[in-house]
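Asks: If you scroll down you'll find the structure; I have some questions about it.
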Amino acid sequence: MNKQAPVIPFAVLVSGNGTNLQALLDAERSGRLGGARVALVISDRSGAFALERAKQAGKEALLIEPDKTLPKDERRRDLSDRILAAVQKTQAEFIVLAGFLSILQGPILKNYEGRIINIHPSLLPKFGGPGMYGEGVHRAVLEAGEATSGCTVHIVDQGTDTGPILLQRTVPVLPGDTPDSLAERIHHEEHRAIVDGVLELIRRLGLGTQGALPSESGTTGTGAAGQPVKDAEGTEAPIIHQPTITNQRK
């Protein structure tokens, strides 16, 4: 008899439609996440369909909006503190930013140091930083004449898109691409990368992934550094690893 995988609760923060959240929910349901479970979904935007996705999956879903009466830095800190309080109630082991537009500040970054990951729609360090999100990223890629783009899953630190990279997946930039067409191609890879990123974080934290099934990209996120993996269509998607992070929550 196979030993049941330990439950590993985690929280997901999202601002919009929630397709990356859906990828995580689907991976959990199919067993690809092993014992990892979405314990809480938080959105900072009213009307975000991600909250409906969470409710349909039987997950706790909270709307925690920024207090627009506060100055910017104070507003970010206040939002971050309220998110931290909600996440801690679930005893989440880590946090996934799956299209979350607000900037986290303050104690949440210390309490969950090395345990917050973000997915960004470019090959960082290119086209990252303040103001680089959504269509603006893809427009900048096209204007720069890049031949390749993609997405990055990275650890969140005190900066914006500056933390250690866990993995990247690449796509070609095609002649005639628009920001929308490039975004659509990258979204397809994001849905795989977010799952592999969670598995890689769990591995590095030493939380275990017993019982996890292979992801759709054919890897559980533990491949050798720089070794390409192939998706269902045979497209190479290199996984890039960074130094192991600690299993200490501050």
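The values are calculated or read from the model by the stated rules, or taken from the named source; none is laboratory data. None of the values given here were measured: they were computed from a predicted structure. No Cβ is skipped: glycine too gets one built from the backbone with ideal geometry, and neighbour counts run over all protein chains shown.
Asks: Please enumerate the residues belonging to the range 55-102 that are without any contact (Cβ under 8 Å) to a residue 24 or more places away in the chain, touching a strand residue (DSSP E or B) at 6+ places or on another chain (Cβ under 9 Å) and of a type in the set (G, A, S).
Replies: A61
Asks: Within the range 65-88, count every residue that is assigned to a helix (DSSP H, G or I) and surrounded by 13 or more Cβ atoms within 10 Å (Cβ to Cβ). Step through it out loud before you land on a result.
Replies: First, pick out the residues of the range 65-88 that are assigned to a helix (DSSP H, G or I): 72-88.
Checking the rest, the ones that are also surrounded by 13 or more Cβ atoms within 10 Å (Cβ to Cβ) come to 75-84, 86-88.
So the answer is 13.
Asks: Taking the criterion of being under 17 Å from the mean Cα position of the chain (by Cα) and not small (G, A, S), would at least one residue in the range 135-147 satisfy it? Reasoning before the result, please.
Replies: Step one: of the range 135-147, the residues under 17 Å from the mean Cα position of the chain (by Cα) are 137.
Next, only the ones that are not small (G, A, S) stay: 137.
Within the range 135-147, one or more residues are under 17 Å from the mean Cα position of the chain (by Cα) and not small (G, A, S).
Asks: If you go through the range 1-53 one residue at a time, how many are buried (at least 16 other Cβ atoms within 10 Å of the Cβ) and free of Cβ contacts under 8 Å to residues at least 12 places away in the same chain?
Replies: So the answer is 1.
Asks: Looking for whichever is surrounded by fewer than 16 Cβ atoms within 10 Å (Cβ to Cβ), over 24 Å from L109 (Cβ atoms), charged (D, E, K, R) and without any contact (Cβ under 8 Å) to a residue 24 or more places away in the chain here; the options are E143, E135. Which one fits?
Replies: Details: E135 fails: without any contact (Cβ under 8 Å) to a residue 24 or more places away in the chain.
None of the other options fit; the residue is E143.
Asks: Just need a number here: residues in the range 159-185 that are in contact with a strand residue (DSSP E or B) (Cβ under 7 Å, 6 or more places away or on another chain), surrounded by fewer than 17 Cβ atoms within 10 Å (Cβ to Cβ) and assigned to a loop (DSSP other than H, G, I, E, B).
Replies: Matching residues across the range 159-185 total 1.
Asks: Continuing with this model, one more query. Please verify whether the range 110-126 includes one or more residues that are farther than 23 Å from L63 by Cβ and without any contact (Cβ under 8 Å) to a residue 24 or more places away in the chain.
Replies: Yes, the conditions are met somewhere in the range 110-126.
Asks: Yes or no: V141 over 29 Å from G35 (Cα atoms) and touching a helix residue (DSSP H, G or I) at 6+ places or on another chain (Cβ under 8 Å)? It would help to see each step written out before you state the result.
Replies: Numbers: over 29 Å from G35 (Cα atoms): yes; touching a helix residue (DSSP H, G or I) at 6+ places or on another chain (Cβ under 8 Å): yes.
Taking the combined requirement at face value, the residue satisfies it.
Asks: Continuing with this model, one more query. Return the residues of the range 1-57 that are among the aliphatic types (A, V, I, L, M) and part of a strand (DSSP E or B); say none if nothing qualifies.
Replies: Of the residues in the range 1-57, the ones among the aliphatic types (A, V, I, L, M) are 1, 5, 7-8, 11-14, 21, 23-25, 27, 33, 36, 38-42, 48, 50-51, 54, 57.
Residues satisfying the conditions are I8, A11, V12, L13, V14, A36, V38, A39, L40, V41, I42.
Asks: Please pick out the residue among Q168, Q158, Q88 that is at pLDDT below 95 and either more than 20 Å from D44 (Cα to Cα) or of a type in the set (S, T, N, Q) (or both). Write out each step before concluding.
Replies: Details: Q168 fails: at pLDDT below 95; Q88 fails: at pLDDT below 95.
None of the other options fit; the residue is Q158.
Asks: Please enumerate the residues belonging to the range 114-153 that are in a helix (DSSP H, G or I) and in contact with a Lys or Arg (Cβ under 6 Å, 6 or more places away or on another chain). Break it down into steps so the answer makes sense when it comes.
Replies: Step one: filter the range 114-153 for residues in a helix (DSSP H, G or I), giving 135-143.
Result: no residue meets the conditions.
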